[in-house]
1. Kindly provide the set of residues from the stretch 170-186 that are among the charged types (D, E, K, R), touching a residue at least 60 places away in the same chain (Cβ under 8 Å) and outside any loop (DSSP other than H, G, I, E, B), ordered by number.
2. Being of a type in the set (A, V, I, L, M) and free of Cβ contacts under 8 Å to residues at least 12 places away in the same chain is the filter; apply it to the stretch 13-46 and report the residue that is surrounded by the fewest Cβ atoms within 10 Å (Cβ to Cβ).
3. Is it the case that LEU118 is within 16 Å of the chain's Cα centre (by Cα) and closer than 17 Å to ALA233 by Cα?
4. Output the residues belonging to the stretch 54-112 that are small (Gly, Ala, Ser) and surrounded by fewer than 16 Cβ atoms within 10 Å (Cβ to Cβ).
5. Of all residues in the stretch 197-207, which are part of a loop (DSSP other than H, G, I, E, B) and either touching a Leu at 6+ places or on another chain (Cβ under 6 Å) or not small (Gly, Ala, Ser) (or both)?
6. Just the residues that are without any contact (Cβ under 8 Å) to a residue 40 or more places away in the chain and assigned to a helix (DSSP H, G or I), please, taken from the stretch 47-78.
7. Which of the residues belonging to the stretch 224-243 are crowded, with 23+ Cβ neighbours inside 10 Å and assigned to a helix (DSSP H, G or I)?
8. For the structure I just gave you, tell me whether LEU265 is in contact with a Phe, Trp or Tyr (Cβ under 9 Å, 6 or more places away or on another chain) and assigned to a loop (DSSP other than H, G, I, E, B).
Amino acid sequence: MQQNEKPSWFRMAQRRPLSVPPDAPRPMPLLFDREHRPIQSRAGWQKRKNEFRKDWLAFLGEIPGPRPDNAIKVIEQDRLSGVLRQLVSYQTEPGLVVEGYLLRPDVPGRGRRGVVVLHATTAATIRQPAGLDDHPSLHIGLHMAERGYVAFAPRCFLWQYAAPGRLGAAVDWLHARHPKTSGMAKMFYDASRGVDILAAQSDVDARRIAAIGHSLGAKEALYLAAFDERVRATVASEPGISLRFSNWDAPWYLGDEIKKPAFGLDHAQVLAQCAPRAFLLIGGNSADGDLSWPYIAEAMPVWKIAGNADGVGLFNHRGGHAFPPTAQAHADEWLDWFLQA
């Protein structure tokens with residue numbers, strides 16, 4: 001369904017906030033080649049984008065081997081608010097069975113928009129986006145299904161392979177299985193398997209898949225959007241867009257190598273991988289907010305040269321490390337606009 005008018009706040013999402021701190025971190029420049037010459041063409045940017053992608057994937061490591069099939073097994077299901085909610089199991093890597101929640105309108109349909117919903121740091125894990133804990137502002141999967149989307153919420157591996165309060169044990173498990181793979185690479189891979197599962201659903205239009213997450217889930221959404229080009233639009237709430245804004249050096253994310261003087265990569269390069277696909281950063285002046293603006297400002301010329309000048313922006317609700325109703329409303333409008341048929 002075609003929307004008539006672009007939401008007016010989109011323009012504000014591309015305007016410098018009045019209160020950007022003077023000491024806000026500045027990202028590395030994007031539109032310069034390896035010889036420090038300005039990039040002025042889409043072809044030149046594509047070459048540089050590929051170089052950034054290669055450098056980042058080499059740093060992150062990978063999950064080797066073929067992906068398993070996309071078969072799911074329904075463990076339990078219920079119905080509420082016009083939504084069919086199913087707890088399903090499936091394989092992430094061959095032989096590794098995990099769970100996720102699949103939510104969709106409880107009526108037959110075709111060509112629906114799909115969204116991977118990545119949960120925050122919580123012992124509830126996938127129960128939170130599915131609407132089964134006491135934080136209704138983060139019942140994002142249930143909310144999206146009520147709006148006509150098919151939502152899939154996969155569990156982050158940190159809660160799959162570690163005891164409560166011992167997330168480092170999941171990292172030990174990962175490194176025993178894949179010694180050269182970072183925690184963030186595993187999170188990206190598992191989130192990408194979520195796209196596989198969504199795209200395999202008969203009522204989903206595989207050309208209209210989005211990603212959304214808050215906090216830890218927003219970190220996963222950033223990397224999923226960057227490195228899986230099937231994701232057409234993304235909303236990341238309070239990920240910490242700069243490597244300095246959050247605990248990116250934790251062993252389950254990128255590790256302490258990012259603090260070393262010789263580390264030459266920057267998150268602006270990850271953000272720019274999303275172009276020309278749509279990316280909205282939401283902040284609350286906690287992990288993200290006005291101080292995140294230089295990253296959006298650096299990215300905007302990339303989106304313009306890639307052919308979608310409106311496709312990146314920042315919305316700051318100024319409400320701290322939260323995902324309030326105003327953030328969800330902006331996320332709804334962003335995804336609806338960029339996932340139009």
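The values are calculated or read from the model by the stated rules, or taken from the named source; none is laboratory data. Fair warning: this is a prediction, and the values are worked out from it, not measured in the lab. Ideal geometry is used to build each Cβ from the backbone, glycine not excepted, and the neighbour counts take in all protein chains shown.
1. Residues of the stretch 170-186 that are among the charged types (D, E, K, R), as a first pass: 172, 177, 180, 186.
Next, from what is left, pick out any that are touching a residue at least 60 places away in the same chain (Cβ under 8 Å): 180, 186.
Answer for the stretch 170-186, where residues must be among the charged types (D, E, K, R), touching a residue at least 60 places away in the same chain (Cβ under 8 Å) and outside any loop (DSSP other than H, G, I, E, B): just LYS186.
2. For the stretch 13-46, the residue satisfying everything is LEU18.
3. Values: within 16 Å of the chain's Cα centre (by Cα): yes; closer than 17 Å to ALA233 by Cα: yes.
Considered against the rule, which asks whether it is within 16 Å of the chain's Cα centre (by Cα) and closer than 17 Å to ALA233 by Cα, LEU118 comes out as yes.
4. Of all residues in the stretch 54-112, those small (Gly, Ala, Ser) come to 58, 61, 65, 71, 81-82, 89, 95, 100, 109, 111.
Those that are small (Gly, Ala, Ser) and surrounded by fewer than 16 Cβ atoms within 10 Å (Cβ to Cβ): ALA58, GLY65, ALA71, SER81, GLY82, SER89, GLY95, GLY109, GLY111.
5. Scanning the stretch 197-207 gives GLN201, ASP203.
6. Of all residues in the stretch 47-78, those without any contact (Cβ under 8 Å) to a residue 40 or more places away in the chain come to 47-48, 50-51, 54, 58, 65-66, 68-69, 71, 73-78.
Result: LYS47, ARG48, ASN50, GLU51, LYS54, ALA58.
7. If the condition is that a residue be crowded, with 23+ Cβ neighbours inside 10 Å and assigned to a helix (DSSP H, G or I), then LEU224, ALA225, ALA226 are the ones that fit.
8. Working: in contact with a Phe, Trp or Tyr (Cβ under 9 Å, 6 or more places away or on another chain): yes; assigned to a loop (DSSP other than H, G, I, E, B): yes.
It is true that LEU265 is in contact with a Phe, Trp or Tyr (Cβ under 9 Å, 6 or more places away or on another chain) and assigned to a loop (DSSP other than H, G, I, E, B).
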